[in-house]
Every structure is written in structure tokens, then in C-alpha cells.
Amino acid sequence: MSRILVVDDEPYLADLVATALRYEGFETAIAPTGAAAVVMTASFGPDLIVLDVMLPDVLGTEVCRRIRAAGAEIPVVFLTARDATEDKIGGLTAGGDDYVTKPFSLEELIARIRAVLRRTKRAEPDSGLLSFRDLVIDEDAYEVRRDGALLDLTPTEFKLLRFLVVNAGRVMTKRQILDHVWEYDFGGNDGVVQTYISYLRRKVDAVDPPLIHTVPRVGYILRLPREA
């Protein structure tokens, strides 16, 4: 799991970006200032930094220079509301690896992050495999196996299971699942999540131990059964 440090003094935006990245399987942390970013680079050990240029204490370009001067070769994706060519050149000259102008779509930002991680060889292994115990998802072959047996999943079931595996050990709410798997608002009708969870259970949990569990009034989690 790649670690992403999000540096932005706008709490709502920072949380939005961090949450979207967690949905995509990244581990995230947030720093509200340049000084905090330098400290957290050492303590959190990110694989990539999403860095706002306009911070309250110091410019993001200066933060990037300080991180580079400390010997950390961590890729940086700059965020800024300024799109002048000289600003972009300044950010890249400071050691940035890419530059995203506000406002931006989360899909674009995530795609840029993945591209930078691939270029800098800090991405997760390119095997295309995700696994939890004897459950293996081969994203390249678009196959799922449990205890070696191939499971026949629909595209939606595949996407739902992938989301649960990426977030194994974490309780995912129905709203989180809707937002990530279906990617649009069902108008409060979250019964579709329960329906597809039941479909998955029939296929994934046809052998022991069961892996998909319900957390009443909260959501669902992929984990081993708890001992009585």
C-alpha cells in the first residue's frame, strides 16, 4: 500500500483528496502547513506528496526544496490555483514531478498520482494481484480465485470485491461503497449494496472461513471470523 501525504491548508479539500485516495487503496496522512509537511515526511515516510503551492507559512515550492535538500527523493505533485506557465515551470524546477491546477477532478488527480508513482517506480508491485488469505484478485486477467477455485463474478461484483479487499480490516459504510463502486447517488436507496453483498457471499464464502461480514447499522468488512 503506497503512502500519500496530502499538504493543504484548506481542511475540506485536504480531507476530500485524502478520502478519495483511501478509497483507491492508498494510505494517507494530512499536513496543514509547510512546516508540518517537512516533519511528517520524516515520520510518515510517504511514497508521494500532494503539495499545495500556496500554504500559510511557506510556499510549497520551498517545502519541496527543503525536502529535497534533506535527501528525500520523494515524488511531488503540486496543487495550485495559478496556471501561468512560469508558475508551472517554477514548481517543476523546485523538484516537482507534476502540476495540477485547481479546480481539478479527483479522477484526474488520482490518475496523475498513479502515473508519477509508475514513473518513479514507487508504485505498488505491477503484478496486478490483490489478495486476502486464500482470496486472490488478478486485475490483469480479470479473475478471482478462492482457495484456488475460479469464481464467476459480474463486473459490479468484481469491483465491489476489489474495494473490500483493498480496504480489508476496515468497515466500509454503504454510502462509501455506493460512492466508490457505483459512482453516483442512488438517492438514499442503499438496498442495492445489501443485494450485491449477498451475491458476493454466495460465491466468495461458499467455502470456509467466511470473509465478508456485516457490522450492524454501519456497513461491511472483509476479515477473518472472530473467535467466540
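Points to keep in mind about this one:
- Sorted by Cβ density within 10 Å, fewest first, the residues VAL215, VAL171, VAL50, VAL100: VAL215, VAL171, VAL100, VAL50
- Straightening the chain between LEU13 and ASP190 buys 61.1 nm, computed as 0.36 nm per residue apart minus the Cα-Cα spacing.
- Whether region 1-88 is rounded, prolate or oblate, judged on the alpha carbon gyration tensor where a/c under 1.5 counts as rounded: oblate
- Label zone at ARG170 (point 7 Å along Cα-to-Cβ), backbone N below 12 Å, region 6-28: 18-28
- The length gained on full extension between LYS203 and THR154, counted as 0.36 nm times the residue separation minus their Cα-Cα distance, comes to 16.5 nm.
- Simple spin-label estimate for TRP182 and GLU107 in nanometres, 7 Å along Cα-Cβ: 1.8 nm
- GNM remark for the chain: springs join alpha carbons under 10 Å apart, and the peak mean-square fluctuation among GLY96, GLY25, GLY45 falls on GLY45.
- Estimated vicinal HN-Hα couplings, Hz - region 148-163 in sequence order (Karplus 6.51, -1.76, 1.60; Gly, Pro = x): x, 8, 6, 9, 9, 10, 6, x, 5, 4, 4, 5, 5, 5, 4, 4
- Per-selection metrics, region 129-222 (Cα): Rg and Dmax in Å: 12.6, 39
- Of the residues ILE212, ILE49, the one with the fewest other Cβ atoms within 10 Å heads the list, and the complete ranking is ILE212, ILE49.
- Translational D in µm²/s for the chain (Stokes-Einstein at 20 °C, 1.002 mPa s, Kirkwood Rh from C-alpha pairs): 111 µm²/s
- Relative contact order for the chain, counting Cα pairs under 8 Å that sit 6 or more residues apart, in percent: 13 percent
- Summed over qualifying helices (DSSP H, 4 residues or more, each -39500 (n - 2.57)) and divided by its residue number, the chain shows a 222 nm mean residue ellipticity of -11500 deg cm²/dmol.
- Likely footprinting exposure, VAL144, VAL218, fewest C-beta neighbours within 10 Å first: VAL218, VAL144
- Seen from VAL6, the other residues with C-beta closer than 10 Å to its C-beta sum to a net charge of -3, counting Lys and Arg as +1 and Asp and Glu as -1.
No lab work stands behind these numbers, since they all come straight from the coordinates. Please read these numbers as outputs of a predicted model, since none were measured by experiment. Here the Cβ is made from the backbone with ideal geometry for all residues, glycine too, and neighbour counts use every protein chain on show.
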